[in-house]
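Laboratory data are not the source of any read-out in this text; all were calculated from the coordinates shown. Bear in mind the structure is a predicted one, so any value in this text is a computation, not a measurement. Note that we place each Cβ from the backbone using ideal geometry, even for glycine, and neighbour counts take in every protein chain shown.
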Amino acid sequence: MSVQYIEKEQLFVLETKNSCYQMTVDRTGCLRHLYYGKRVGAVNMNYRYRTTDRGFSGNPYEQAGDRGCSFDVMPQEYSSYGAGDYRVSALMAQAENGSRTTDLRFDSFTIAEGKYELQDLPFVRGLSDRVHTLTIRLKDRVTSLTVELKYGIYEEKDVITRTASLINDSDVKIRLEKAASVCLDLPYGEYELIHFTGKHCMERQPERQSIAQNIITVGSRRGMSSHHNNPFVILCDPHTDEDAGFCYGVMLMYSGSHKEEIEKDQTGNIRVVAGIHDDGFSWNLLPGGRFQTPESILAFSDEGLNGLSSRFHRIIRENVCDPLLMKEKKPVLLNSWEASYFNFDENSIYELAREAKELGMEMLVLDDGWFGERNDDHRGLGDWFVNEQKLKGGLKPLIEKINALGLKFGLWVEPEMVNEDSNLYRNHPDWALKDPDRLPVVARNQLVLDMSREDVREYLFTCISRLLGENNIEYLKWDFNRSISNVYSAALPPERQGEVPHRFVLGTYDLLARIREAFPHVLIEGCAGGGGRFDAGMLFYTPQIWCSDNTDPIARLQIQRGTSYGYPVCTMGSHVSASPNHQTGRTTPLNTRGIVASSGAFGYELNPALLAEEEKQQIREQILEYHKYYSLYMRGTYYRLGGEELNRNHVCWELVSEDGSEALVSLVTVNVEANAHFPFLRLKGLQEDAVYRLEGTDLTVTGAALMYGGYTTEEPRGNYPAVRLHFQKI
Ligand code: GLA
């Protein structure tokens, strides 16, 4: 069994295939964290802890004579504010009498088979995996605030999920001011932090830094998980690289404002606290009420960063993304945005579809501009009714004609937004988030709808389900094109305004869940100005997300590589666009664009009518190849390849089938050097003794040769050349 409670030592032991997690109830009744890392056998890891009188670290009252006993220095499983632990806390709660102290002591626990589920929030699914759930209850004996910690132990997948619920067991109100999902103390060892930072058009760039005696805060206050900082952090040994070394990943399944705090305390212990951002947050926990924090996913790898990524990839692919949609083949699509922006009519869209079909694509996606008075980005959001002046006869006949070509049809929507210049806003100005007596911040000429309101969600559900019910729409692109500000709901009283940011996210999840339930076969692709809401929370509902508004393949190399630390390539919406590129003006070969985009949820975003016949032929071949390697792209184990020398001029990655019998290596040269060393790489994940043939050549070599002796490619020449190598076991 993956969870054990050893009564005489009051010890909890959680074990996955390669990792072990231990906690103990110490003599103060505190739930002390003992260990997370590689499996250690039947050892109580408490032996590592020594006590001494740490100056200015006070002692719990009942241990007043024991100066070595302090909450400030012992590793905690869920830290709280005010009771002598001066490090960052996971919880801040205010009692009726104004006190902000919470002192959590162990109460009880249960162990159950299967994975717990969350009601209004996304969660990692249990499915047919061997999973156990450990629930531990901690209680503050004065306020009767109970913290229920849940752990989902995925033995085979080497992952542990965590979440905390806060329950008010008293008969008076408790106000939550901070409620994190996870607190992870790493008391010994040296660590570096990797987080994924960025901006619009350059998301999720890894930044690695040492952790000094300080608090590093990563996060987003934008009401969305954001382009700026992804809700995913890695802590690793300073020597850890892609292929070797210890590392830990902490990922939040949350799409709103989030905060990850990493503290190195006065004596060198490291603490990570991650959860909903507490700026602007408060929650009125009424008697009997329960507040559920978002789920977090934890993994440990002693096989470097690639090993850590593969654990996240697998759990996301198989247990976060909806298995029903993951079973269906993702269509190769043509998106109308960079082909025609707002300038189209029913004939030009039909023409795009005809060309798409002719090139072997499987779906036409009509992007922004089809509804309301939406001829530019100043108006129309909220009016989810087709603009019949633009699309004569409406959507239905157009979709029928496109379907008759043998092509599926997909549609863009941006449900959570509204333009002031729209009928929706004119009729319901109070449906937008805005402070009373204050002009709201506008972004892209739009405001944000108050998703905490049921009437708003009902309106959106009616509009979207009418569109999906009346038309054969098989895909939705669900966009979100601004950060949230002026978070004030006209529907809630002043003392509940701090609930609005989180209620907004819950409202979005609720709408997505209702639409998924009513139309389970409609594939939804998430989007937020590209990859501004690329997180495991959204992936629960939308198994692919537009990775970035930057479609330049050379920029995309960095964006997709950064994204790959936490998320599998099958979740990354990725399109071949025109050259010169619309965002950067860079010119790149079509072959390179195809190789980069096909490592993702693949499609095109250009006007095929503007292509030469030779380019069209190349696209036909790209699509055939995509189908040929589809299962590697969707389910292959992903490795970032390359050492310092290779990475200087190239970006290289590999996808390997689960049994190691087939591998696809892509290499893009971003800087061509004259008289250079041949690009050299070592493959990963192959069978040592098996013999592989390199497709299109006579080369046959063993897996061992390719993994340890490596492979060199031809000398790259020209502008951003790329190669793709397919090795198949013979
Ligand atoms: C966002 C998306 C783009 C496109 C436009 C339409 O920026 O990321 O792909 O859909 O909106 O307005």
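Please list the three semi-axes, largest first and in whole Å, of the ellipsoid equivalent to segment 331-546, using sqrt of 5 times the eigenvalues of its alpha carbon gyration tensor.
Working: eigenvalues 190, 67, 43 Å².
One finds semi-axes of 31, 18, 15 Å for segment 331-546.
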When Rg is the radius of gyration of the Cα atoms in segment 3-320 and Rh is its Kirkwood radius, what does Rg/Rh come to? 0.94
Quick one: Karplus J couplings for segment 121-138, per residue in order, coefficients 6.51, -1.76, 1.60, θ = phi - 60°, nearest Hz, x for Gly and Pro? 10, x, 8, 6, 6, x, 6, 8, 6, 7, 10, 10, 10, 10, 10, 10, 9, 10
Could you work out how far the C-alpha centroid of segment 1-60 sits from that of segment 636-668, in angstrom? 39 Å
Taking the Cα atoms only, what angle lies between the long axis of helix 346-359 and the longest principal axis of the chain, rounded to 10 degrees? 90 degrees
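Express the Stokes-Einstein translational diffusion coefficient of segment 638-729 in µm² s⁻¹, to the nearest whole number, given a Kirkwood radius over alpha-carbon pairs, 37 °C and a viscosity of 0.692 mPa s.
Working: Rh = 13.3 Å.
For these conditions, the coefficient is 246 µm²/s.
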Quick one: Cα centre-to-centre distance for segment 215-243 and segment 268-294, in angstrom? 19 Å
Relative contact order of the chain, please, whole-number percent, based on alpha carbon pairs below 8 angstrom and at least 6 residues apart. 10 percent
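Please give the calculated 222 nm ellipticity per residue for the chain, where each DSSP H segment of at least 4 residues contributes -39500 (n - 2.57) and the sum is spread over every residue; nearest 500 deg cm²/dmol? Mind dumping the intermediate values first?
Values: 14 runs with 140 residues, N = 730.
Taken over the chain, the calculation gives -5500 deg cm²/dmol.
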Take every Cα pair under 8 Å in segment 638-729 that's 6+ residues apart, average their separations, divide by the length, and report that relative contact order as a whole percent. 32 percent
Once you've got the Cα coordinates, tell me which of K327/K628; K329/K357; K396/K616; K329/K408 are over 22 Å apart. K396/K616
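Please list 320-326, 303-309, 223-229 highest first by mean number of surrounding beta-carbon atoms within 10 Å per residue.
Details: 320-326: 18.3, 303-309: 22.9, 223-229: 25.9.
Result, highest mean Cβ count within 10 Å first: 223-229, 303-309, 320-326.
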Suppose every K and R has +1 on its Cβ and every D and E has -1 on its Cβ; what is the size of the dipole of segment 386-472 about the Cα centre, in Debye to the nearest 20? 520 debye
HN-Hα J in Hz across segment 204-218 - Karplus 6.51, -1.76, 1.60, θ = phi - 60°, x for Gly and Pro: 6, 8, x, 10, 10, 8, 7, 10, 8, 6, 5, 10, 9, 10, 10
Using every alpha carbon pair in segment 20-113, what percent of pairs falls into each 5 Å bin from 0 up to the bin containing the largest distance? 3, 12, 20, 21, 21, 13, 7, 3, 1, 0
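What is the dipole size for the chain, taken about its Cα centre, with +1 at each Lys and Arg Cβ and -1 at each Asp and Glu Cβ, in debye to the nearest 20? Working shown, then result.
Values: 79 positive and 102 negative charges, 120 e Å.
The calculated dipole for the chain is roughly 580 debye.
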Rounding to the nearest 20 debye, state how big the charge dipole of segment 3-320 is about its Cα centre with +1 on each Lys and Arg Cβ and -1 on each Asp and Glu Cβ. 300 debye
Under-5 Å amide H pairs with S548, H placed in peptide plane, nonlocal only: G531
Please name whichever of L381, F12, F540 sits farthest to the positive end of the charge dipole of the chain, dipole taken about the Cα centre and charges placed at Cβ: Lys and Arg +1, Asp and Glu -1. F12
Per-selection metrics, segment 204-261 (Cα): Rg and Dmax in Å: 12.5, 36
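If you restrict to DSSP beta bridges whose two residues both lie in the chain, what percentage is antiparallel, to the nearest 5?
On the way: 133 of 163 bridges.
Just about 80 percent of them are antiparallel.
Quick one: Cα convex hull volume of segment 284-360, Å³ per residue? Working shown, then result.
Values: hull volume 20.7 nm³, N = 77.
So the per-residue Cα hull volume is 268 Å³.
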All Cα pairs of segment 541-601, percent lying beyond 13 Å: 56 percent
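Pick out, in residue order, every one of the GluC sites (Glu not before Pro) in segment 320-414 that is DSSP loop and has at most 16 other C-beta atoms within 10 Å; say none if there are none.
On the way: sites: E328, E338, E346, E351, E355, E358, E362, E373, E388, E400; in loops: E328, E362, E373, E388.
Passing both the DSSP loop test and the Cβ count: E328, E373, E388.
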Roughly how far apart, in whole Å, are the Cα centres of segment 124-148 and segment 80-123? 10 Å
Rh (Kirkwood, all Cα-Cα pairs) for segment 180-227, Å, reads 12.9 Å
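For segment 8-97, what relative contact order do you get, as a whole percent, if you take Cα pairs closer than 8 Å and at least 6 residues apart?
Numbers: 135 pairs, mean separation 16.6, N = 90.
Over segment 8-97, the number comes to 18 percent.
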Between 0 and 90°, nearest 10: helix 395-404 axis offset from the chain longest Cα axis: 70 degrees
Rounded to the nearest angstrom and ordered from largest down, what semi-axes does the equivalent ellipsoid of the chain get from its C-alpha gyration tensor (root of 5λ)? 44, 35, 20
Other-chain or far-sequence residues with amide H under 5 Å of E373's (modelled H): G380
Where in segment 152-187 does the label zone of I215 land, with the point 7 angstrom along Cα→C-beta and an amide N cut-off under 18 Å? 176-186
Determine, for each peptide in 700-708, 180-188, the mean count of other beta carbons within 10 angstrom over its residues, then list the peptides with the highest first. 180-188, 700-708
How about K157: which aspartates and glutamates have a C-alpha closer than 13 Å to its C-alpha, ignoring those fewer than 8 places off in the same chain? E15, D129, E318
In degrees from 0 to 90, rounded to the nearest 10, what is the angle of the helix 454-470 Cα long axis to the longest principal axis of the chain? 30 degrees
